[in-house]
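Chemist: One structure is given below, represented as structure tokens, and several questions about it will come after.
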Amino acid sequence: MTIGCAFAKLADVRPFKTTWKVRVKVIHSWRQYSGMSGETMDLVLADEHGTKMHAGIKKKDIGRLSKLLVVGEWKVLENFQVSPATGLFRPTPSNWKIGLSMNTIVTTCSIKVDDMFLSLVPIQTILDGDLNHNFLIDVIGQVLDVSEIKTVPVLGREKRKLECVLRDINDQRINCCLWAGYADQLYEACSDMQVTNAFDASKLIINPICEEADAFRIGLPDDGAIVVIQEDDEEAEKQRIKEQEDAWLALEMKSVYDIQNATEVNTFIYEKFRISVKVTGIDTDWGWYYFGCGKCQFRVTKDLKKEGATKPRPKAPVWYCDRCKSNVKTVEAKFKLHLLVEDDSAKTKVMLLDSVAYGIVDKTASFLLNGSYDEIQDPELIPDDVKSLVGKSFEFLVGVEKEHIVYGNDTYKVHKVKKGLLILDTESGDGPFTAIDNGSTIASGEEVSTLMRDQVLPIPIPDSASAYQM
Ligand SMILES: [Zn+2]
């Protein structure tokens, strides 16, 4: 028996059995979160025939399998499930996805092919606009005109962003936008480079060493174009941050004991107190996200009655917004974190709505959910990005309201948070301390009552936005 015969082609695997045996290269791996299964590890695998397939590992198997499946290495995989590939941000064009489990055996592999298995899309094809937005693509280009890294408000949150122009060998050009870590990576390497794509689920490779890149370099127009870093109004930005910082420091620091013993609120609807606390836990009774109406931001519910009555059964949930009094199509996952916090004086609870929570988690709720519309099944399954808040200290600006004093509510809403030099605000873009903070109450424990002042654009821009804008 020749060894080759024992292996199935990735292109041939299907759901009818689990005793598959394939040999594959691990192209890429990353972690993400889904409401049903908690944190997962995701991989892109390729076989020697050039087929690429998305593979997932459930949380309980990550420990064992992540050590065996290292990016760049070839492995033999035995025993795995195959299921249909669905959803947003699909990293391969395959209709199937592999599920690795406790039964999966990973062993060393004799073949080694040094291919990166890129499926490069010409810039013209992107510009034509006919690509399916559910799929991530690979792009190679020469970087021109790199901006400074700017901190910009996105849906009321501060994000680091870098813009550049990519061009290919036909001198087709496209504007690119890179966020957070990708922006830093590109900026640092800013000279004579070529770039492939970006996103947590994908990769930014600078000056790649592969056949495709060699061919690309040879094919580039010989016009001596070089990277130019554009000067920016850096001074104005520094000044803005300095003013925020000063205004923040001008607020007297209070203790948790102080806020619990506040006896009067002024004529505004709530009094703001700056506290410095350590996060000691996450109050899992509340879950950590909800789905908000795309129009009014209020919590939506699944309309099970309508869903059941619709034939054929709809693929996406049917949502009902109590405020719009109608079914709504666009919904967005939003953070609502309840944290247990303490300082030297006392312990208390704080609640962070989406824009403030995003600032300290650094990923959007939609991103952590990977487009899932599932309800939380196990409240203890919290993504690591959220869990990692425990043990960290933050300066919060919390609101003390009538219901805390009169009705004994013991959870305080966080209106702003200081993170490094930045003040993260429910209304960033307007400067740190907008004169009027509209009515806010958390008495009901429902975000609906507080959301009006947190209104943001209904269109989600996850971290992965860069993938679309490349
Ligand atoms: Zn609504």
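Chemist: From the backbone phi of segment 242-254, what are the Karplus-calculated ³J(HN,Hα) couplings (6.51 cos²θ - 1.76 cosθ + 1.60, θ = phi - 60°) in whole Hz, Gly and Pro given as x?
Modeler: Values, residue by residue: 4, 5, 4, 4, 4, 5, 5, 5, 6, 7, 5, 6, 10 Hz.
Chemist: So which of K295/K418; K272/K305; K329/K418; K58/K254; K67/K203; K67/K302 end up more than 32 Å apart by C-alpha? Mind dumping the intermediate values first?
Modeler: Working: K295/K418 29 Å; K272/K305 43 Å; K329/K418 35 Å; K58/K254 43 Å; K67/K203 20 Å; K67/K302 40 Å.
Over 32 Å apart, Cα to Cα: K272/K305; K329/K418; K58/K254; K67/K302.
Chemist: Reachable lysines from K17, Cα under 17 Å, same-chain residues fewer than 8 places away excluded?
Modeler: K9, K97
Chemist: Can you give me the long-range amide H partners of T40? Hydrogens built in the peptide plane at 1.01 Å from N, cutoff under 5 Å, separation of 5 or more residues or another chain.
Modeler: Q32, Y33, S34
Chemist: Same structure again: How many angstrom separate the Cα center of segment 274-351 from the Cα center of segment 357-380?
Modeler: So the two Cα centres are separated by 10 Å.
Chemist: Convert each backbone phi in segment 14-21 into a coupling constant with the Karplus relation 6.51 cos²θ - 1.76 cosθ + 1.60 (shift: θ = phi - 60°), then list the ³J(HN,Hα) values in order as whole Hz, x for Gly and Pro.
Modeler: Taking θ as phi minus 60°, the curve returns 9, x, 5, 9, 10, 8, 6, 9 Hz for segment 14-21.
Chemist: Mind listing the long-range amide H neighbours of K159? Cut-off is under 5 Å, sequence gap 5 or more, other chains count too, H placed in the peptide plane at 1.01 Å from N.
Modeler: V152, V154
Chemist: Would you work out if segment 10-108 is rounded, prolate or oblate? Take a ≥ b ≥ c from the square roots of the eigenvalues of the alpha-carbon gyration tensor; rounded if a/c is under 1.5, else prolate when a/b is larger than b/c, oblate otherwise.
Modeler: The shape class here is rounded.
Chemist: Give the long-range amide H neighbours of G141: residues separated by 5 or more places, or on another chain, with amide H under 5 Å away, using H modelled in the peptide plane at 1.01 Å from N.
Modeler: V195
Chemist: Now for a different question. Quick one: net charge around I174, please, counting Lys, Arg +1 and Asp, Glu -1 for every other residue with C-beta under 13 Å from its C-beta. Present the calculation step by step, with values, prior to reporting the outcome.
Modeler: Values: positive: R167, R173; negative: D128, D145, E163, D168, D171.
Overall, the nearby charge balance is -3.
Every number here is computed from the coordinates shown, using simple stated rules; none is lab data. Source: prediction; values computed, not measured. Cβ: placed from backbone, ideal geometry, glycine included. Neighbour counts: every protein chain shown.
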